[in-house]
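Visitor: Please find one structure pasted underneath; my questions will follow.
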Amino acid sequence: MSDAPLLSALGLTKFFKVGGREGGLLHAVDHVDLSIGRGESIGLVGESGCGKSTLARVLAHLTPPSAGQLRFEGVDIGQIPERRFASRPERARIQMVFQDPTESLNPHLTVEGAILDPIRRLLPGMSAANAAARVDEVLDLVGLPLAFKPRYPHQLSGGQRARVGIARAIAVEPALLILDEPTSALDVSVQAVILKLLADLRTRLGMSYLFVSHDLNVVRLLCQRVVVMYLGKVIESGPVERIFAHPRHPYTRALLAAVPDPARRDTRPPRLAGSPSSPVNPDPRVCRFYGRCPIGTERCAEDMPNLRPIGAEHLVACHYAEQQKGLAA
Amino acid sequence: MKAGLMRATHPAEAAAAHGVPLLEVDRLTLDFATRGGRVKALDQVGFTLDRGQILGLVGESGSGKSVTAFAIMDLLDQAARIETGQIRFTGIDLLARKRRALKELRGREIAMIFQSPRTALHPIRKVGHQIEDVLRAHSSVPPGLRRQKAIEALERVRIPDPARRYEAYPFELSGGMCQRVMIAMALSADPSLLIADEPTTGLDVTTQAVIMDLIRDLVRESGMSVLLITHDLAMAGEYCDRIAVMHAGHIVETAPAHLLLREPAHPYSAKLIAATPAKAASIEALAAIPGNLPDLRQPQPPCRFSTRCERHRPDCDQPPLDAARLGQDHLVLCRHPL
């Protein structure tokens with residue numbers, strides 16, 4: 001990994017105005033610092049509504065940040081209006097694979113058309129012959145026969161559609177691939193194939209991955225680093241092995257304890273009660289996890305914990321991260 | 001309920017006294033008429049479920065899990081035709097009885113919850129009233145007590161502040177809360193069998209854990225049985241007593257959950273385990289299942305896994321193929337088990 005990260009976000013924030021008498025600001029992404037190294041694979045996890053998909057969309061520059069800095073390959077892309085960004089060379093360098101391949105493929109485009117479309121738009125200098133060769137190349141990379149080129153999405157299986165979604169994204173040779181739950185709509189056997197394909201593509205093409213997922217096992221298999229979000233905030237991040245073996249934030253512990261595991265039969269890990277508090281105008285002094293947290297002291301209600309280092313590359317936002325050492329994960 | 005039709009002797013209790021399993025699906029074979037021909041969706045499907053047990057029905061989409069549940073609940077599509085087999089509930093063959101007589105049994109004795117609870121609930125009816133609808137249809141609770149019973153049902157599924165939530169509409173509740181309401185509805189008539197079809201799909205992993213803990217607790221409290229339909233082998237392993245693995249309309253293996261996960265005998269069960277991220281130590285260890293589900297409109301060999309199976313031998317294609325007993329509670333549909 002070179003010194004300068006591929007992408008770095010500093011205080012990245014995305015608020016949405018919401019209705020109501022007083023109106024309010026929904027803190028979807030709230031002052032997130034994040035860097036993605038070249039060739040690195042990062043897993044972004046958290047419950048639905050925690051802001052992980054919004055963060056992915058802001059990082060992909062599909063939606064502009066409300067505040068904060070977003071640098072990609074040295075360029076502050078956060079400042080570029082997204083209309084103009086669509087025709088910038090950086091657009092090709094950051095690509096996204098969406099959740100449901102059935103929903104995200106244009107039903108009127110053939111496999112060939114779906115893959116050619118981003119090439120034509122984002123690499124206008126490429127000749128037609130080279131573009132056609134590129135289509136064949138990426139089809140081969142994702143393991144689809146060339147005979148599939150004239151087919152439409154409805155003539156494909158779920159796994160084949162997922163492959164087209166990946167082929168389309170890698171056709172313009174991105175340096176960063178942002179994957180938003182790419183396998184959640186797939187059956188377990190197809191999921192295994194696609195996960196192995198993604199792992200293989202990353203090594204072969206040297207891309208970086210930001211892997212948004214609610215499935216912690218998938219993140220464990222595919223990522224080197226994991227970032228845990230809760231209500232718009234990053235609450236813990238670090239190397240995958242370390243976080244899975246020694247989670248320090250009480251929320252990360254609860255998340256890991258909720259992953260089904262036959263070995264845990266008949267045990268009673270503590271469960272998270274209730275649901276997250278409102279993301280609209282949250283009190284800036286109160287820890288976002290307060291109220292649901294099994295620790296939750298007066299201090300947590302008066303002094304929002306910031307992310308701080310607790311070990312090599314391991315950051316956690318909890319006043320009591322050290323004191324939980326004795327607790328079972 | 002009409003004049004104590006079955007309440008005098010609770011059928012489940014009567015059956016337990018005679019050592020009859022609560023639910024027996026016996027050589028159930030059914031197909032669907034489609035424009036492309038008859039789809040042989042289930043072939044000789046059989047399993048038993050005892051009182052107070054959770055049986056996991058596990059397999060990929062298209063394997064026949066939901067069709068089996070729908071057959072038990074009489075929710076099958078018009079295009080479905082049951083060719084042979086029996087579905088015995090407390091010894092009574094449900095398929096041999098008149099529909100109207102069975103309607104009473106299903107709903108009160110057998111209840112079902114579905115995935116995506118938000119769409120399964122009536123969107124503009126208060127959840128409390130929806131529970132009362134069930135009580136009206138399937139219980140002898142007098143009208144004046146129904147509200148109280150509905151609130152108790154919400155309390156039983158650990159919904160905080162049940163009297164207030166009684167007044168809520170589904171859109172005011174989270175997905176996890178909606179699923180609890182569904183469970184409360186299903187349990188309000190005290191069924192002896194709950195069929196749960198992917199009850200936590202679409203819910204967060206933390207909510208999933210709470211809902212599954214709740215289902216397990218309710219089983220222990222009431223002695224009810226659960227048929228849990230899921231594609232998640234790890235979840236079945238954590239919560240089920242026994243697991244039945246389905247592939248292409250066959251039950252290929254039935255065993256106690258821990259045994260099935262530790263020592264699968266059917267090649268398909270082993271492949272399914274190897275493809276599950278929860279069981280893989282690394283991405284290299286994760287292994288895809290070769291091939292695809294066979295086209296069930298075409299004539300099938302005795303073993304429907306044979307075209308995908310690495311252990312396939314010539315005698316695999318010799319009919320008939322019957323389930324072999326490997327242990328007291330371990331059945332496998334394979335001539336050459338692992």
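The values are calculated or read from the model by the stated rules, or taken from the named source; none is laboratory data. Fair warning: this is a prediction, and the values are worked out from it, not measured in the lab. Using ideal geometry, Cβ is built from the backbone for each residue, glycine included, and neighbour counts are taken over all protein chains shown. Ligands, DNA and RNA are excluded from the accessible area calculation, which covers all protein heavy atoms including side chains. Shrake-Rupley method; radii C 1.70, N 1.55, O 1.52, S 1.80 Å.
Visitor: In this model, which of B:Lys103/B:Lys126; B:Lys65/B:Lys279; A:Lys196/B:Lys271 are farther than 20 Å apart at the alpha-carbon?
Guide: Values: B:Lys103/B:Lys126 25 Å; B:Lys65/B:Lys279 22 Å; A:Lys196/B:Lys271 15 Å.
B:Lys103/B:Lys126; B:Lys65/B:Lys279, as the Cα separations exceed 20 Å there.
Visitor: Further, regarding this structure: Around B:His336, what is the net charge, scoring Lys/Arg as +1 and Asp/Glu as -1 over all other residues with Cβ under 9 Å from its Cβ? Each step should come with its number before you reach the end.
Guide: On the way: positive: B:Arg311, B:Arg313, B:Arg335; negative: B:Asp315.
Charge balance in the 9 Å sphere: +2.
Visitor: If you consider only alpha-carbon coordinates, what radius of gyration and Dmax does the protein assembly as shown have, in Å?
Guide: 26.7, 83
Visitor: To the nearest 10 square angstrom, how much accessible area does B:His330 have with a 1.4 angstrom probe?
Guide: 10 Å²
Visitor: Please identify, among A:Met207, A:Met126, A:Met304, the residue showing maximal mean-square fluctuation in a Gaussian network model of chain A using a 10 angstrom Cα cutoff.
Guide: Of the options given, A:Met126 has the highest mean-square fluctuation.
Visitor: Could you state the per residue volume, in Å³, of the convex hull enclosing the Cα atoms of the range A:35-104?
Guide: Values: hull volume 8.7 nm³, N = 70.
Given the Cα convex hull of the range A:35-104, per-residue volume reads 125 Å³.
Visitor: On to the next question. At a probe of 1.4 Å, how much accessible area disappears from chains B and A on forming the pair, both sides counted, to the nearest 100 Å²?
Guide: Details: alone 15940 and 16030 Å², together 29080 Å².
When B and A are taken together, about 2900 Å² of accessible area is lost.
Visitor: Quick one: Cα convex hull volume of the range A:134-209, Å³ per residue? Working shown, then result.
Guide: Numbers: hull volume 6.6 nm³, N = 76.
Residue-normalised Cα hull volume stands at 87 Å³.
Visitor: Keeping all protein chains in place and using 1.4 angstrom, which order do A:Arg248, B:Arg147 fall into by accessible surface area, from largest down?
Guide: On the way: A:Arg248 30, B:Arg147 105 Å².
Putting A:Arg248, B:Arg147 in descending order of accessible area: B:Arg147, A:Arg248.
Visitor: Ok, one more. So if the hydrodynamic radius of the range A:241-285 is defined as the Kirkwood radius over C-alpha pairs, what does Stokes-Einstein give as its diffusion coefficient at 37 °C and 0.692 mPa s, in µm² per second?
Guide: Numbers: Rh = 12.8 Å.
Taking Rh from Cα pairs, D becomes 256 µm²/s.
Visitor: Keeping every protein chain present and rolling a 1.4 Å probe, give me the accessible area per residue for chain A in Å². Write out the running numbers ahead of the final one.
Guide: Working: 14540 Å² over 329 residues.
It amounts to 44 Å² per residue over chain A.
Visitor: At 1.4 Å probe size, with the rest of the protein present, what percent of the exposed accessible area of chain A is carbon and sulfur atoms?
Guide: On the way: 7460 of 14540 Å².
With neighbouring chains kept in place, the figure for chain A is 51 percent.
Visitor: In a GNM of chain B with a 10 Å cut-off on Cα contacts, which of B:Leu145, B:Leu233, B:Leu135 has the highest mean-square fluctuation?
Guide: Taking springs between Cα atoms under 10 Å, the residue moving most is B:Leu145.
Visitor: Under a no-solvent Debye model with one identical scatterer per Cα of chain A, what's log10 I(q)/I(0) at q = 0.13 Å⁻¹?
Guide: Reported log10 I(q)/I(0), two decimals: -1.01.
Visitor: Under the classification rounded if a/c is under 1.5, otherwise prolate if a/b is larger than b/c and oblate if not, where does the range B:44-120 fall, given a ≥ b ≥ c as square roots of the Cα gyration tensor eigenvalues? Walk me through the numbers on the way to the answer.
Guide: On the way: a/c = 1.21, a/b = 1.19, b/c = 1.02.
The shape class here is rounded.
Visitor: Across all directions of projection, what mean area in square nanometres is found for the Cα convex hull of the range B:181-338? If you can, show how the numbers build up before the last one.
Guide: Numbers: hull surface 45.6 nm².
Dividing the Cα hull surface by four gives the mean projection, 11.4 nm².
Visitor: Can you pull the Kirkwood radius for the range A:48-162, inverse mean 1/r over Cα pairs, to one decimal in Å? Please report the intermediate quantities before stating the final value.
Guide: Details: mean 1/r = 0.0624 Å⁻¹.
Final number for the Kirkwood radius of the range A:48-162 is 16.0 Å.
Visitor: Sticking with this structure for a sec: Report for chain A the percent antiparallel among DSSP-assigned beta bridges with both residues inside it, nearest 5. Don't jump to the answer; show the numbers that get you there.
Guide: Working: 28 of 45 bridges.
Around 60 percent antiparallel, to the nearest 5.
Visitor: OK, next. From the C-alpha coordinates alone, can you work out the Kirkwood hydrodynamic radius of the range A:178-315, in Å?
Guide: Details: mean 1/r = 0.0590 Å⁻¹.
Over the range A:178-315, the inverse of the mean reciprocal pair distance is 16.9 Å.
Visitor: Excluding residues fewer than 8 places away in the same chain, name every one of the lysines whose C-alpha is closer than 22 Å to that of B:Lys98.
Guide: Within reach: B:Lys2.
Visitor: Shifting gears a bit: Can you give me the C-alpha center-to-center distance between the range A:138-157 and the range B:52-95, rounded to a whole angstrom?
Guide: Each part reduced to its Cα centre gives a spacing of 36 Å.
Visitor: Compute the whole-percent fraction of alpha carbon pairs in chain B spaced more than 28 Å apart. Provide the component values of the computation, followed by the final result.
Guide: Details: 25275 of 56953 pairs.
The calculated P(r) of chain B puts 44 percent of pairs beyond 28 Å.
Visitor: From the square roots a ≥ b ≥ c of the eigenvalues of the alpha-carbon gyration tensor of the range B:85-239, which class results: rounded (a/c under 1.5), prolate (a/b over b/c), or oblate? Before the final figure, lay out each step's value.
Guide: Values: a/c = 1.77, a/b = 1.10, b/c = 1.61.
Oblate.
Visitor: Mind listing the Cα extents of the range A:179-259 along all three principal axes, in Å, largest one first?
Guide: Here the spans come out as 35, 27, 24 Å, largest first.
Visitor: With heavy atoms of protein chains only and a 1.4 Å probe, what residues of the range A:195-222 have at least 10 Å² less accessible area in the full set of chains than alone?
Guide: A:Leu195, A:Lys196, A:Ala199, A:His214, A:Asn217, A:Arg220, A:Leu221
Visitor: Still on this structure, I have one more. Can you give the three extents of the C-alpha atoms in the range A:8-56 along their principal axes, from longest to shortest, in whole Å?
Guide: 47, 22, 10
Visitor: Share of antiparallel DSSP beta bridges in chain B, in percent to the nearest 5?
Guide: Among the beta bridges of chain B, antiparallel pairing accounts for roughly 60 percent.
Visitor: For chain A, with a Gaussian network of springs between Cα atoms less than 10 Å apart, report the residue from A:Pro276, A:Pro65, A:Pro284 with the top mean-square fluctuation.
Guide: Its mean-square fluctuation being the largest, the pick is A:Pro284.
Visitor: Further, regarding this structure: I need the shape label for the range B:252-338. Rule: rounded when a/c is under 1.5, else prolate if a/b > b/c, else oblate, with a, b, c from the alpha carbon gyration tensor. Display every interim value, and only then the final one.
Guide: Details: a/c = 2.24, a/b = 1.24, b/c = 1.80.
Oblate, because a/c is 1.5 or more while a/b does not exceed b/c.
Visitor: Restricting to the protein assembly as shown, what percent of DSSP beta bridges are antiparallel, rounded to 5? Working shown, then result.
Guide: On the way: 57 of 93 bridges.
So the antiparallel bridges amount to about 60 percent of the total.
Visitor: What is the log10 of I(q)/I(0) for the range A:107-242, computed with the Debye formula using one identical point scatterer on each Cα and no solvent, at q = 0.10 Å⁻¹?
Guide: Evaluating at q = 0.10 Å⁻¹ gives log10 I(q)/I(0) of -0.37.
Visitor: Also, I was wondering about something else. So which lysines pass the test for A:Lys17, namely a Cα distance under 20 Å, with those fewer than 8 places away in the same chain ruled out?
Guide: A:Lys17 reaches A:Lys52, A:Lys233.
Visitor: Rg and Dmax in Å for the range B:49-170, alpha carbons only: what are they?
Guide: Every Cα atom of the range B:49-170 included, Rg and Dmax give 17.0, 49 Å.
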